[in-house]
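Participant: Shown below is the structure under consideration.
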Amino acid sequence: MTRPSFLVLPLAAIGLAMAGIVFAAPPIRPSDRRAADVDLELVLAVDISYSMDPEEQALQREGYIKALSSTEFLRALRQGIHGKIAITYFEWAGAHIQQVIVPWRIIEGPESADAFGAELARAPYTRAMRTSISGALTYALPLFESNPYRGLRRVLDVSGDGTNNNGPLVVDAREQVLAKGITINGLPIMLNRPNFGFADIESLDVYYEDCVIGGPGAFVIGIKDRTQFIEATKTKLILEVANLVPQARVIPVSSDKPRVSCTIGEKMWNERWGGGGMDGR
């Protein structure tokens, strides 16, 4: 199956001076009976597997909290047709480990943005076993279908530091999400040296590009240093909320064969542990 075109966005190349960036016309979904019109329905899906150390988890949350209250984010918010978005935040690990941390909320200005950030900051930190990106994708679907909002666009944002090693195949789960008209963006975290024993790979950003993301304007922003968390998160949210397209970075992908095997995580896990559950990563 031909992979969709997408945007590859190394953080250092973006600069966020917004040079060369244009607005893309958002595809409007058919009307339905849900109540509130918003510019975007955004689901943030955040990895809490044991490979994410406590400092990384804290940096990840701090990144979202500061990004939501930033001047650039609020400016992008005001530029939308409705001037507001619907957003929810859940954490995930293994195939059956997902938990909504902040339920659906409307963000339409500084007060609601700060309130969302405060609610996120109050939530306790947890960690859990295994890494199931497919489980996160599957879990997100009913969040979109059951919420009381009607967005011009729907985006699922997945951040994580490893490949899928548990649950359904990630490509199958991705196709289910894309079939609903939902765009999947990725924030791969690549801070650790690749470790075969824990199914880490050096080219996690390529894995996300070929196996995880998809849909109109989908993009990946990789984090390779702890100092990049806040800026990367802010960049990602601004692009998603304003539906911005950096034209110079559009890279069409037409090959049917991924550059990285989309089952590499499962293969490495099984070779190391024989399919058992001995390790929590």
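Participant: Any residue at all in region 146-153 that is surrounded by fewer than 17 Cβ atoms within 10 Å (Cβ to Cβ), touching a residue at least 24 places away in the same chain (Cβ under 8 Å) and touching a strand residue (DSSP E or B) at 6+ places or on another chain (Cβ under 7 Å)? Before the answer, list the steps.
Facilitator: As a first pass, look at region 146-153 and keep what is surrounded by fewer than 17 Cβ atoms within 10 Å (Cβ to Cβ): 146, 148.
Narrowing further to those that are touching a residue at least 24 places away in the same chain (Cβ under 8 Å): 148.
If we keep only those that are touching a strand residue (DSSP E or B) at 6+ places or on another chain (Cβ under 7 Å) as well, we get 148.
For region 146-153, residues surrounded by fewer than 17 Cβ atoms within 10 Å (Cβ to Cβ), touching a residue at least 24 places away in the same chain (Cβ under 8 Å) and touching a strand residue (DSSP E or B) at 6+ places or on another chain (Cβ under 7 Å): present.
Participant: Same structure again: Any residue that is within 16 Å of the chain's Cα centre (by Cα) and of a type in the set (Lys, Arg) - is there at least one of those in region 168-176?
Facilitator: Among the residues of region 168-176, at least one is within 16 Å of the chain's Cα centre (by Cα) and of a type in the set (Lys, Arg), which makes the answer yes.
Participant: Still on this structure, please answer the following. In region 62-87, what count of residues is obtained for those that are assigned to a helix (DSSP H, G or I) and either surrounded by fewer than 21 Cβ atoms within 10 Å (Cβ to Cβ) or hydrophobic (A, V, I, L, M, F, W, C) (or both)? Spell out the reasoning first.
Facilitator: Going residue by residue through region 62-87, those that are assigned to a helix (DSSP H, G or I) are 62-68, 71-78.
Those still in the list that are either surrounded by fewer than 21 Cβ atoms within 10 Å (Cβ to Cβ) or hydrophobic (A, V, I, L, M, F, W, C) (or both) too: 62, 65-68, 71-78.
Residues meeting the conditions: 13.
Participant: Let me ask another. Being out of contact with any Pro (no Cβ under 6 Å at 6 or more places or on another chain), under 26 Å from Gly217 (Cβ atoms), modelled with pLDDT of 95 or more and not in a strand (DSSP E or B): is that true of Phe90 here? Can you show your working first?
Facilitator: On the way: out of contact with any Pro (no Cβ under 6 Å at 6 or more places or on another chain): yes; under 26 Å from Gly217 (Cβ atoms): yes; modelled with pLDDT of 95 or more: yes; not in a strand (DSSP E or B): no.
In short, no.
Participant: A further question follows. Please specify each residue of region 19-46 satisfying the condition of being at negative phi, modelled with pLDDT under 95 and out of contact with any Lys or Arg (no Cβ under 8 Å at 6 or more places or on another chain). Steps first, please.
Facilitator: The initial filter retains those residues of region 19-46 that are at negative phi, namely 19, 21-46.
Next, from what is left, pick out any that are modelled with pLDDT under 95: 19, 21-36.
Scanning region 19-46 gives Ala19, Ile21, Val22, Phe23, Ala24, Ala25, Ile28, Pro30, Arg33.
Participant: All but one of (1) in a loop (DSSP other than H, G, I, E, B); (2) closer than 20 Å to Gln98 by Cβ; (3) charged (D, E, K, R); (4) without any contact (Cβ under 8 Å) to a residue 60 or more places away in the chain hold for Arg130; state the number of the condition that does not hold.
Facilitator: Condition (4) is where Arg130 drops out.
Participant: Same structure, new question: Working carefully through the options Gly181, Gly151, Gly162, find the one that is touching a Lys or Arg at 6+ places or on another chain (Cβ under 8 Å), in a loop (DSSP other than H, G, I, E, B) and at pLDDT 95 or above. Give the steps one after another, and end with the answer.
Facilitator: Values: Gly151 fails: in a loop (DSSP other than H, G, I, E, B); Gly162 fails: at pLDDT 95 or above.
Of Gly181, Gly151, Gly162, the one residue that is touching a Lys or Arg at 6+ places or on another chain (Cβ under 8 Å), in a loop (DSSP other than H, G, I, E, B) and at pLDDT 95 or above is Gly181.
Participant: Now a separate question. Kindly evaluate Ser132 against the criterion of being among the polar types (S, T, N, Q), more than 18 Å from the chain's Cα centre (by Cα) and closer than 25 Å to Leu169 by Cα. It would help to see each step written out before you state the result.
Facilitator: Values: among the polar types (S, T, N, Q): yes; more than 18 Å from the chain's Cα centre (by Cα): no; closer than 25 Å to Leu169 by Cα: yes.
It is false that Ser132 is among the polar types (S, T, N, Q), more than 18 Å from the chain's Cα centre (by Cα) and closer than 25 Å to Leu169 by Cα.
Participant: Hey, could you check region 245-271 for residues that are modelled with pLDDT of 65 or more, surrounded by fewer than 17 Cβ atoms within 10 Å (Cβ to Cβ) and not polar (S, T, N, Q) and say which is farthest from the chain's Cα centre (by Cα)?
Facilitator: Among those that are modelled with pLDDT of 65 or more, surrounded by fewer than 17 Cβ atoms within 10 Å (Cβ to Cβ) and not polar (S, T, N, Q), it is Glu271.
The values are calculated or read from the model by the stated rules, or taken from the named source; none is laboratory data. Here the structure is a predicted model, which is why all the values come from computation and not from measurement. Cβ: placed from backbone, ideal geometry, glycine included. Neighbour counts: every protein chain shown.
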